[in-house]
1. For B:Tyr341, what residues show an amide H to amide H distance below 5 Å, using hydrogens built from the backbone and excluding near sequence neighbours?
2. What accessible area per residue, rounded to a whole number of Å², is obtained for region B:143-298 using a probe radius of 1.4 Å?
3. Rank these residues by their accessible area, most exposed first, probe 1.4 Å: B:Asp2, A:Asp63, B:Asp236.
4. Where a ≥ b ≥ c are the square roots of the eigenvalues of the C-alpha gyration tensor, would you call chain A rounded, which needs a/c under 1.5, or, failing that, prolate if a/b is larger than b/c, or oblate?
5. Might you report the magnitude of the Cβ-based charge dipole of region B:1-92 about its Cα centre, with Lys and Arg at +1 and Asp and Glu at -1, to the nearest 20 debye?
6. Would you work out the charge dipole size for the protein assembly as shown about its Cα centre, treating the Cβ of every Lys and Arg as +1 and the Cβ of every Asp and Glu as -1, and quote it to the nearest 20 debye?
7. Any idea of B:Lys218's accessible area? Nearest 10 Å², probe 1.4 Å.
8. Probe 1.4 Å, all protein chains in place: accessible area of A:Val342 in Å², nearest 10?
Number of protein chains: 2
Amino acid sequence: MDKPLKIGIAGLGTVGAELARIINSKSNMLAERCGRALVLKSVCVRDRSKDRGIDPNSVEWFDDAVALATSDIDVYVELMGGDEGPALESVRAALKAGIHVVTANKALLAKHGVELAGLAENSGVLLNYEAAVAGGIPIIKVMRESLAGNDVTRVYGIMNGTCNYILTRMEDDGLSFEECLADAQRLGYAEADPAFDIEGDDTAHKLAILTSLSFGTKIAADEIYVEGITKITTEDIRAAKDLGYRIKLLGVACRTDSGIESRVHPTMVPLASPIAQISGVTNAVAIEADVVGSLMMSGPGAGGGATASAALGDIADIAKSRPGHQHGPALGRPAERLEPYVRAKMRQHEGGYFIRMSVFDRSGAMAAIATRMSEQDISLESIVQRRDTPRSEVKNTDLDAQTLILITHETHESAIRAALEAISKDGYLAAEPQMIRIEEMG
Amino acid sequence: MDKPLKIGIAGLGTVGAELARIINSKSNMLAERCGRALVLKSVCVRDRSKDRGIDPNSVEWFDDAVALATSDIDVYVELMGGDEGPALESVRAALKAGIHVVTANKALLAKHGVELAGLAENSGVLLNYEAAVAGGIPIIKVMRESLAGNDVTRVYGIMNGTCNYILTRMEDDGLSFEECLADAQRLGYAEADPAFDIEGDDTAHKLAILTSLSFGTKIAADEIYVEGITKITTEDIRAAKDLGYRIKLLGVACRTDSGIESRVHPTMVPLASPIAQISGVTNAVAIEADVVGSLMMSGPGAGGGATASAALGDIADIAKSRPGHQHGPALGRPAERLEPYVRAKMRQHEGGYFIRMSVFDRSGAMAAIATRMSEQDISLESIVQRRDTPRSEVKNTDLDAQTLILITHETHESAIRAALEAISKDGYLAAEPQMIRIEEMG
């Protein structure tokens, strides 16, 4: 059996502590599976006094992540977070020093992934980041290794448990977005400042990485179209269900004639589709590729166990590798040969749309709306009209609003936007219209 | 870039031809991802005259698989099938000669997997068999590599597309088992002799491999409890749905106090569970493990593309490996350290049961059945009683049968069997009772 693999971990929060615990408690099993022992040699934490369940005398303690990352270790595990500062500097330093890196840091990869992949390739070491996307779901390994013979045509998924929990609760219990968010915070599923999750940015970071792996392009997190779930109402969710859909916050990336469409937004998915069944904090990623067809993977997207499991898989791969081993490139193809990311314009997006409008009950309103749609060559799949207040209770018909829900056939987003703008100008709408994209499933 | 990887393929049916086509048509992409070119050097077929879409002059042709397997190649791809004869001999010969092996042959692995894994480990080469279980779903890689830090507690799945297609059609279209089987045969989803699929043996082969990977035990295909889907009726499917269940042919393996329970049988799964949503020929495998929690993967379980995709992933891993690389053991832990398989007795299985009985409408029948259940300490979750013929049409009450459906709480299988035997002896049943196990989901 080979020499033990020396592991250094920076950051001993929930994930780091769980990882350290498993490395110690499952040492025999891990040695058998990896062909060598895994040894937790050193850690870097801000506060040494806190009890993290490891014998303080069994490890070397560092205050400085860069010092740990370049010390006598074989693999550096970065679990501090942050897309600059110590996280970036220590990962860079480790890779330059020829030390393998494992990280769960999606923000870091979304911003500096191409540079870091290049450093890893130059040094002939592994940069493994399974835990950075969809937690415990081994999507990175599957895309990077299992699908080596495939050209991906579309990837999409539910990659933020907070949002999926909120949308699930809104549907199951008929509660408002705000109530469900508060519950999510109470249960520890959402941060005190939830913006990063509910505005879709967290999903965008993960999607940026998957987009690069799917299409061999540079990571371009800033080029992703992002729309969060804050404007989704229980009315939308109910109307969606009536029409055979469910609303999910999806990240979707696909190739189009005008470039790559990489977008995060609330999405109508058919009720019977597998992705519609993913409830609560669970994540799921679906891949469509030319050889294999469609694959879907679901599992826990966050949490100490899920993240530690992914990091352990990454470490085991490193333990099995030997000097001289030709590692597959970190981003699937060599960093220097990643193509520039060419962004398809969202207004060229083609798909079906769910539109919900609150329309004043004036004569001519419906005719005007229908005309505006037809001017843009938008054809409608279904129309549902509902009076918000019973007619008997209406005092001033002019101020009475009806809900109008339209599902369009496939059309250009530019057409939808133009139609909605014209309808707004016509003055029949009591409120901003709601527009939610429909995603076709296999 | 390193020397090209020389590939020899034995068997050029649907899968082999598709694999050869992709190796040739995607050579640039594969070289970039693997760090070296993949070259199809030689093939072995029974009939050379058949057109398989490859230039006959571009490859070396062999008549004898063993000769191909030990020729000047780096990886031997066995796609002939069969658990003895040329498949076994050629794989053995390749491994002994230090040549990596990729195979899609589940029957071969179910029978000789431990021996072959040992040969691979002795020679320091890879034995990759992703395509052998659940087709295009990368379940082997995920279990062998991604879950390195996990102890699996249960694995279960839909691993036979033929059976799942038949059960889906029976439910969707209300057709009998026989009608759906005939349709499956017409569509090419079932063989002319369908026994191997519909009796559950194909699922058992795959489950035997997953059981070994899950629990570190020797492969023991003959020790698996197997029950096929031939006795499932549309009545069962309808009754299941009324009670909130769907019937799937599952392979399930879990640890129990008395050993490993590894079983294949029609199973009631809750309608809302993710596995219940897997319809048609699609496969799915769910894993429950101590660190990660629950994962599920779904995708195509068969077909040229799915199988070729899996084999290509296996070949790419080999292309990236280098002499001296410490491969993870083929079955997750070293072959010589696999534990003996200790079979848990099915009569010790604990779970809920669905029981459908056709009961003669005689006084005392219900009381007798309830007594027999109670004698075995079986408590009932629900009881549905239905008259098969309207009472007005009944001529001889003695011969009139009613359908009685029971769902039990968790109990021992031995108790259920004893109760059903006693009820049968009491003489109230018009036909053999149906008994379907319920599987609890997370």
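1. B:Lys218
2. Working: 5130 Å² over 156 residues.
On a per-residue basis, region B:143-298 sits at 33 Å².
3. A:Asp63, B:Asp2, B:Asp236
4. Working: a/c = 2.79, a/b = 2.03, b/c = 1.37.
In terms of gyration-tensor shape, prolate.
5. Numbers: 12 positive and 15 negative charges, 78 e Å.
Dipole about the Cα centre, nearest 20: 380 debye.
6. Details: 92 positive and 124 negative charges, 239 e Å.
Dipole size: approximately 1140 debye.
7. 90 Å²
8. For A:Val342, the solvent-accessible surface is approximately 80 Å².
The values are calculated or read from the model by the stated rules, or taken from the named source; none is laboratory data. All of these numbers come straight from a predicted model, not from anything done at the bench. Methodologically, a virtual Cβ is constructed for each residue, glycine included, from the backbone with ideal geometry; neighbour enumeration extends over all protein chains shown. These accessible areas exclude ligands, DNA and RNA; they are computed on the full protein's heavy atoms, side chains included. Shrake-Rupley method; radii C 1.70, N 1.55, O 1.52, S 1.80 Å.
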